[in-house]
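To start, the structure under review is shown below, and the notes come after it.
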Amino acid sequence: MQALREIGFSKAFRFGWATLALGAYGLLGFPQLRSPFLRMLGARVGPNAILHGTRFFNAYRLGFPGLTVGRCAFVGDDCLLDLADRITLDEHATLAERVAVLTHTNVGYADHPLQAHVPASTAPVHFRRGCFVGANATEESWASREHTLTTRLLRRLRIAAATEPRRPFA
């Protein structure tokens, strides 16, 4: 009941609706079916974009209208996208398998002792044209930073997850 008191009936209703929508999304077995379904939910998905078995959470917050997947962008299996704030993948951006994209920070209920030090926040994440994020990477957007990931991902930046390059990227 504490959760209902903190989020209210409106968000609880949106949570229920989003849960049903995500259940239906999970039944769609092919990327060619997922893109039109996401468009119906308000996402902007470009032509030839591929979304494999992507998982979404916080769809009851900003939700699918905050998701933009550009032309020929690719989202691999088991990626986790936080829809609390905007996520934008420009054309030809790639998220490899199991990439987590977090747009919010929340340590718990309002009475959690860390709330005074780490207040809840949201901020958008933007992947620029042609960038690549490697498997198992976590991309976070912290609202308390002066700039978001948008300003840190340069055009055609490649991020290798859990490895350090032996030679510079071209």
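The values are calculated or read from the model by the stated rules, or taken from the named source; none is laboratory data. What you are looking at is a predicted structure, and each value in this text was computed from that prediction instead of being measured. When we count neighbours, we look across all protein chains shown, and the Cβ atoms used for this are built from the backbone with ideal geometry, even at glycine. When the accessible area is computed, the model is the full protein with side chains, heavy atoms only, and any ligands, DNA or RNA have been set aside. Shrake-Rupley method; radii C 1.70, N 1.55, O 1.52, S 1.80 Å.
Return, ordered by residue number, the residues of segment 71-111 whose backbone nitrogen is under 14 Å from a label point located 7 Å along Cα→Cβ of S121.
Residues 103-107 fall inside that zone.
Determine the distance separating the Cα centre of segment 3-29 from the Cα centre of segment 85-143; give it in Å without decimals.
Between the Cα centres of segment 3-29 and segment 85-143 lies a distance of 20 Å.
In segment 1-126, what percentage of the DSSP-assigned beta bridges are antiparallel, given to the nearest 5?
Roughly 10 percent of the DSSP beta bridges within segment 1-126 come out antiparallel.
Using R₀ = 22 Å, calculate the FRET efficiency as 1/(1 + (r/R₀)^6) where r is the Cβ-Cβ separation of F15 and N106; round to 0.05.
It comes out at approximately 0.90.
Identify, among L27, F13, F74, the residue whose Cα sits farthest towards the positive end of the charge dipole of segment 1-78, taking +1 on the Cβ of Lys and Arg and -1 on the Cβ of Asp and Glu, with the dipole about the Cα centre.
F13
With every protein chain kept in place and ligands, DNA and RNA left out, what is the accessible area per residue of segment 1-95? Probe 1.4 Å, answer in Å².
Accessible area per residue: 51 Å².
Taking amide H atoms as placed 1.01 Å from N in the peptide plane, list the residues 5 or more away in sequence, or in a different chain, whose amide H sits under 5 Å from that of V45.
Those qualifying (amide H under 5 Å, at least 5 residues apart or on another chain) are V69.
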